1. Quick check on the stretch 64-71. Is at least one of its residues buried (at least 17 other Cβ atoms within 10 Å of the Cβ) and either over 15 Å from Ala10 (Cβ atoms) or touching a strand residue (DSSP E or B) at 6+ places or on another chain (Cβ under 6 Å) (or both)?
2. Which of the residues spanning the stretch 57-74 are among the hydroxyl-bearing types (Ser, Thr, Tyr) and not in a loop (DSSP other than H, G, I, E, B)?
3. Given the conditions (1) in contact (Cβ under 8 Å) with a residue 40 or more places away in the chain; (2) surrounded by fewer than 12 Cβ atoms within 10 Å (Cβ to Cβ), and given that Arg53 satisfies all but one, which numbered condition is not satisfied?
4. Kindly evaluate His3 against the criterion of being at pLDDT 95 or above and loosely packed, with under 12 Cβ neighbours inside 10 Å.
5. Which pairs do you get when a residue that is free of Cβ contacts under 8 Å to residues at least 60 places away in the same chain, found in the stretch 35-48, comes within reach of a residue that is aromatic (Phe, Trp, Tyr), reach meaning Cβ atoms under 9 angstrom, with the pair 6+ apart or on two chains?
6. Among the candidates Glu17, Glu11, single out the residue that is acidic (Asp, Glu) and surrounded by 15 or more Cβ atoms within 10 Å (Cβ to Cβ).
Amino acid sequence: MSHIRAVTSAELLRALERLGFEPLRQKGSHVFLRNAHGRGAVVPTHSGQQIGRGLLRKILDETGVTYAELDACL
């Protein structure tokens with residue numbers, strides 16, 4: 001895996017939406033996303049804070065998106 005940089009929740013949500021994920025609902029500071037194939041994830045949306053590399057890796061595993069695909073959409 002290439003070097004993973006930290007991204008903000010707004011950047012991650014925008015990139016996942018470009019990859020076909022749609023927000024289903026939001027509860028507090030967490031947005032629930034799902035794509036047409038049923039894969040999904042929960043993204044925390046704390047204003048201005050970056051999502052750490054470990055959590056980003058877990059979100060990518062849950063969605064089935066590679067870091068290269070995500071990086072192309074950022």
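The values are calculated or read from the model by the stated rules, or taken from the named source; none is laboratory data. Small disclaimer: the values here were computed from a predicted structure and weren't measured. Note: ideal-geometry Cβ built from the backbone for every residue, glycine included; neighbour counts use all protein chains shown.
1. yes
2. Listed by number, the residues that qualify are Thr63, Tyr67.
3. Result: Arg53 passes all but (2).
4. no
5. Here the result reads Asn35/Phe21; Arg39/Phe21; Gly40/Phe21; Gly40/Phe32; Ala41/Phe21; Ala41/Phe32; Val42/Phe32; Val43/Phe32, each pair linking the stretch 35-48 to a residue that is aromatic (Phe, Trp, Tyr).
6. Just one listed residue meets the conditions, Glu11.
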